[in-house]
Amino acid sequence: PDKEELPDDVEMSVWDHLDELRERVIITALFSVLAMGGCFVFAKPLIVFLEAPVLTTGVRFLQLSPGEFFFTSLKTAGYCGILLGSPVILYEAISYIVPGLTVKERQFLGPIVLGSSVLFYVGVCFAYAILTPAALNFFIS
């Protein structure tokens, strides 16, 4: 690309790029671990919330072994932590990529990120409200 198409024309060595990538991965990992820890504290209410769509059908989740509830809590906290950490993950990924984009490419980035984020969370709500009860009813019958 031409020089006028790159607004932040900064030369970096491969090692500088790797250092920046390492910093962004560490920030992402720390935030995700903190979010998972926060979700683990509230694991019981989260599991009750996730059971809610199928409670009307009389379905109850069972604990068949002594450590199963603990591992279910860990998995729930992990998935919810990643779900809550996804905006930070997305921000760090975009912040790493943006300096290499041209002005035209940057114009498309905002609508794409906004649209993708909205559709992602609409999909999560759809899966929770409609898909999960239908799938569990299918597997039970």
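The values are calculated or read from the model by the stated rules, or taken from the named source; none is laboratory data. Just so you know, these numbers come straight off a predicted model, no measurement behind them. Methodologically, a virtual Cβ is constructed for each residue, glycine included, from the backbone with ideal geometry; neighbour enumeration extends over all protein chains shown. Note: areas computed on protein heavy atoms with side chains; ligands, DNA, RNA excluded. Shrake-Rupley method; radii C 1.70, N 1.55, O 1.52, S 1.80 Å.
A few notes on this one:
- Considering the range 97-130, and only residues there that are polar (S, T, N, Q) and touching a helix residue (DSSP H, G or I) at 6+ places or on another chain (Cβ under 8 Å), the residue that is most open to solvent (accessible area, probe 1.4 Å) turns out to be S117.
- Residue among F40, F49 that alone is open to solvent by 50 Å² or more (accessible area, probe 1.4 Å), at pLDDT 95 or above and of a type outside the set (S, T, Y): F40
- Scope the range 8-27; condition open to solvent by less than 100 Å² (accessible area, probe 1.4 Å) and assigned to a loop (DSSP other than H, G, I, E, B); matching residues: D8, D9, M12, S13
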